[in-house]
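Just so it is clear, none of the values below were taken in a lab; they were calculated from the coordinates. Note that the structure is a prediction, hence the values are computed from the model and not measured. No Cβ is skipped: glycine too gets one built from the backbone with ideal geometry, and neighbour counts run over all protein chains shown.
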Amino acid sequence: MNEVLLTPEGLSRLEGELEHLVSVERDAVRARLRDAVENDGDLPGNGDYLDAKEEQALLERRIDLLRERLARAQVIDAPKDPNVVTLGARVRLRALGTDETVEYRIVGSLESDPSRLKISNESPVGRTVLGRRQGERIAVESPGGTMRFEILGVAAA
């Protein structure tokens with residue numbers, strides 16, 4: 001089993017989700033099950049009961065998944081050298097030949113959210129920028145072809 005790389009914020013988010021599922025959602029599903037049994041004792045034909053059982057199964061699977069991921073979690077430490085792109089760092093790139101810039105935060109795959117400019121260390125850009133420094137030029141191989149960038153800045157998150 002591989003480790004799950006998380007930022008401190010990502011760890012906190014997962015721990016919070018697990019706590020909410022265990023302390024709030026689990027009780028809500030139990031209440032739905034109780035109500036369904038009390039309202040209609042014919043369990044095989046009771047749609048509310050069957051829906052609540054399905055919801056309970058999905059909830060327990062999510063709880064198990066979160067517990068498993070948290071057990072394998074490795075929190076990304078602050079970079080030793082703030083000028084080198086590492087997990088958790090923010091990196092500002094300029095597409096060569098343009099004035100277009102973009103800033104990404106490099107995170108583990110579990111926290112990846114491209115719509116919020118958080119990209120995985122396993123993505124083509126993430127893999128390529130890791131270990132690089134400000135001022136370096138890089139070529140990123142992707143399914144759409146080769147993209148070339150200059151690293152304009154690196155910042156600890």
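Descriptive notes on the structure:
- Unit charges on C-beta of K, R, D, E only; dipole of region 90-155, Debye: 180 debye
- Rg [Å, one decimal], Dmax [Å, integer] - region 90-155, C-alpha atoms: 11.0, 33
- Dividing the convex hull volume of the alpha-carbon atoms in the chain by its residue count gives 151 Å³ per residue.
- Compactness of region 4-75 as Cα Rg over 2.2 N^0.38 Å, two decimals: 1.41
- DSSP H segments from the chain that extend 24 Å or more along their own axis, Cα-based, with Kyte-Doolittle mean of -1.0 or above: 47-71
- Protection proxy ranking of 61-74, 3-16 - average other beta-carbon atoms within 10 Å, highest first: 3-16, 61-74
- Mean separation of Cα contacts under 8 Å, 6 or more apart, over the residue count of the chain: relative contact order %: 23 percent
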